[in-house]
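Have a look at the structure below before the remarks.
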Amino acid sequence: MLKDLGDDIEALIHAHNSKTLVRFVMCGSVDDGKSTLIGRLLYESGSLLADQLAGLESESRAVGTQGDDLDFALLLDGLAAEREQGITIDVAYRHFSTSARHFIVADTPGHEQYTRNMVTGASTADCAVILIDARKGILRQTRRHSHLVALLGIRDVVLAVNKMDLVGYSENRFNEIAEEYRAFGAQIGLERVVCIPVSALRGDNVFHGSDAVPGYNGPTLMGYLESVEVDQERMQSSPFRMPVQWVNRPDLDFRGYAGTIAGGVVRPQDEVVVAPSGRRTRVERIVTHEGDQEFAVAGQSVTLTLADELDVTRGDVIAHSHQPPGVADQFDATIVWMGDDPMLRGRSYLMQLGGRTVPATINPLKHKLNVDTMAPMAATKLELNEIGVCDLELSKPIAFDPYVENRDTGGFILIDRITNNTVGAGMIRRALRRSQNVRWQALTVDKHERARQLHQQPTVLWLTGLPGSGKSTLANLVEVELHRRGHLTYLLDGDNVRHGLNVDLGFTPSDRAENIRRVAEVAHLMVDAGLIVIVSFISPFRAERRMARSLFETEEFLEIHVHAPLAVAEERDPKGLYRKARQGDLVNFTGIDSPYEEPESPELRIDTTALTPADGARQLIELLESSGRLAPPPQK
């Protein structure tokens, strides 16, 4: 008897571990009954599991109705307490199981100011449950959540018309809401919509069918969730993709490439390509903890060995050679902004897609989206919770798929380069045509050849400081001395550049970012020409100065902080700009109503209140001499 019981328990555990995992997001307006419905799912699934386990020991189980109602009420009290404490302002993930599947429900807040939380919860969902109060019908929040669901590529949607008991289980009311929503869903690309009348409080059509709504003979909510096609199942029929997470070399005779398969099926002897390099080879083995396998499918974590010794690194994508991923370094992308500081065009961030992390520049922001209608609106920046469409320019090509085809190889995050905080989540729409058609042209005469001919080390001297700190005076003196010594130089001055190259830019944070991006690219070209370039720009934001530095080799960039306290700079006021800013005639003026972020670790800090301009220029020249930058470059 005990042996039979043990066998039954082992079989139950095996069946439990073999179930498919379904992730779904639940959204609704405030007081639509979200907590009640989640409570019902958790309670009913717990009761079913308890029935299964108890059935191994007994033929029957007496369940007291009064006790069940009390347990459900206590569970609802707990969920309501969480809501009152503000816990569900973030995304709450809850796990439960039935005899058919495992489930993870993302309980997302319904308020507009928490759009980023809604997007986070829906980003990995297989389907969405959109809750409606039968008394209120389709609301603005209903349309907003539906737009976001469509934007994130979720195509399977349940419209749960809740609180049917409060409208007398009216069939006409349910049909009216269902027809209106189906018409709306078709307009925004949601065509696989199932409408279910439910009462979360009473349990009608949640786990068990109900005859309370005349004429409804569709599935229960749980019946739908237990049968809907999940993303993992759908991705098995898509092209094979495996982003490499790490290279496994436990010994010299084994070299494997490990990762989770993001799409399709792979078998030994399949011809594959490694992107972005484009190298081709064959799969030799599929290695797992249980031993070698004859095939592997989407969702499995495996190690592949290849027939040829290739240079494969973390972030590369292994794919079937006849269905390769795209490779590009410029994209059209949709971004949901999650940072407290705004996203600005021209600013550089780190983009992480799979295991690959590369610098990315916003260039430009095309428009932001009205969250309620998804209609485009003119914008130069994105604030917290806003969604926009922009061009992304990467420092190197990466392998990708459009997000609508594969969320794993088309979805990315943006990271602040200093704080390392995630500030944005994005979806690749397509590669830009110029990315596919424009290639870097290798040239015979390069930067090093030009530098040797000029007998100098190409360098950027990036002078930054408040208006009136003395940058332009110092930059001019340094160039005069370098010219006297026979060095070929060029001075990029902030005011002068705004007369031509940047004549179209103002002084908003986004225009300032673009101003520095353009100047940094010009300086980069001049260094490539072998020149010593002196850049005299306020460049108030650390992010833009970091972006500028990232364009150059380590020994080519020197950041010089030309320091003067605000009171001193304002007292000098050589152009009368501080006075105009104080009078309100100038907006976004650095030091007054726009911040200046001092360099944290510049190569040199020149205090113009303690040094004369000549002494400051001498210090800068001495820095160039001591670092060997005024000597001819070494011969290769």
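The values are calculated or read from the model by the stated rules, or taken from the named source; none is laboratory data. None of the values given here were measured: they were computed from a predicted structure. Ideal geometry is used to build each Cβ from the backbone, glycine not excepted, and the neighbour counts take in all protein chains shown.
A few comments on the model shown:
- Single residue of 148, 131, 166, 159 found to be assigned by TED's automatic domain parsing to the domain that holds residue 33, assigned to a helix (DSSP H, G or I) and either more than 28 Å from the chain's Cα centre (by Cα) or at pLDDT 90 or above (or both): 166
- Per the listing 579, 542, 546, 605, the residue uniquely at pLDDT 90 or above, basic (Lys, Arg) and closer than 29 Å to residue 344 by Cα is 605.
- Boolean, residue 427 is over 12 Å from the mean Cα position of the chain (by Cα), at pLDDT 85 or above, under 24 Å from residue 109 (Cβ atoms) and not acidic (Asp, Glu): no
- Out of 514, 571, sole residue that is in contact with a Gly (Cβ under 9 Å, 6 or more places away or on another chain), assigned to a helix (DSSP H, G or I) and within 22 Å of residue 500 (Cβ to Cβ): 514
- Any hit, the range 213-225, residues being out of contact with any Asp or Glu (no Cβ under 8 Å at 6 or more places or on another chain), in a loop (DSSP other than H, G, I, E, B), over 22 Å from residue 40 (Cα atoms) and not aromatic (Phe, Trp, Tyr): no
- Options 167, 158, 129; residue that is within 16 Å of residue 196 (Cβ to Cβ) and out of contact with any strand residue (DSSP E or B) (no Cβ under 8 Å at 6 or more places or on another chain): 167
- Output for the range 407-421, where each listed residue is in a strand (DSSP E or B) and either polar (S, T, N, Q) or surrounded by fewer than 20 Cβ atoms within 10 Å (Cβ to Cβ) (or both): 413, 415
- Output for the range 335-371, where each listed residue is surrounded by fewer than 19 Cβ atoms within 10 Å (Cβ to Cβ), part of a strand (DSSP E or B) and either without any contact (Cβ under 8 Å) to a residue 24 or more places away in the chain or in contact with a Phe, Trp or Tyr (Cβ under 8 Å, 6 or more places away or on another chain) (or both): 352, 359, 367
- Residue match in the range 393-406 (condition: farther than 30 Å from residue 561 by Cβ, in the same structural domain as residue 597 (by TED's automatic domain parsing), not β-branched (Val, Ile, Thr) and not in a strand (DSSP E or B)): no
- Total residues in the range 577-636, condition part of a loop (DSSP other than H, G, I, E, B) and farther than 29 Å from residue 450 by Cβ: 22
- Whichever residue in the range 557-594 is of a type in the set (Ser, Thr, Tyr) and surrounded by 20 or more Cβ atoms within 10 Å (Cβ to Cβ) and, among such residues, is farthest from the chain's Cα centre (by Cα): 578
- Only residues that are surrounded by 13 or more Cβ atoms within 10 Å (Cβ to Cβ) and over 15 Å from residue 103 (Cβ atoms) were counted across the range 213-229, and they come to 4.
- For the criterion of being touching a residue at least 12 places away in the same chain (Cβ under 8 Å) and either of a type in the set (S, T, N, Q) or surrounded by fewer than 20 Cβ atoms within 10 Å (Cβ to Cβ) (or both), residue 300 passes.
- Among the residues listed as 541, 507, the single one being assigned by TED's automatic domain parsing to the domain that holds residue 607 and surrounded by fewer than 21 Cβ atoms within 10 Å (Cβ to Cβ): 507
- Looking across the range 512-530, just one residue is acidic (Asp, Glu) and surrounded by 18 or more Cβ atoms within 10 Å (Cβ to Cβ), and that is 514.
- Selected residue (criterion: nearest to residue 595 (Cα to Cα)) from residues of the range 544-556 that are surrounded by 21 or more Cβ atoms within 10 Å (Cβ to Cβ) and not basic (Lys, Arg): 544
- Considering 554, 590, the condition of being assigned by TED's automatic domain parsing to the domain that holds residue 506 and within 19 Å of residue 510 (Cα to Cα) is satisfied by 590 alone.
- Close pairs (7 angstrom Cβ cut-off, 6 or more residues apart or separate chains): more than 19 Å from residue 38 (Cβ to Cβ) in the range 177-204, surrounded by fewer than 15 Cβ atoms within 10 Å (Cβ to Cβ) anywhere: 177/137; 185/191
- Residue in the range 381-404 that is under 30 Å from residue 576 (Cβ atoms) and surrounded by 15 or more Cβ atoms within 10 Å (Cβ to Cβ) present: yes
- Here residue 540 fulfils each of the conditions (1) assigned to a helix (DSSP H, G or I); (2) closer than 21 Å to residue 594 by Cα; (3) in contact with a strand residue (DSSP E or B) (Cβ under 6 Å, 6 or more places away or on another chain) apart from (1).
- Flag if residue 328 is in a strand (DSSP E or B), under 22 Å from residue 413 (Cβ atoms) and either in contact with a helix residue (DSSP H, G or I) (Cβ under 6 Å, 6 or more places away or on another chain) or outside the structural domain of residue 418 (by TED's automatic domain parsing) (or both): yes
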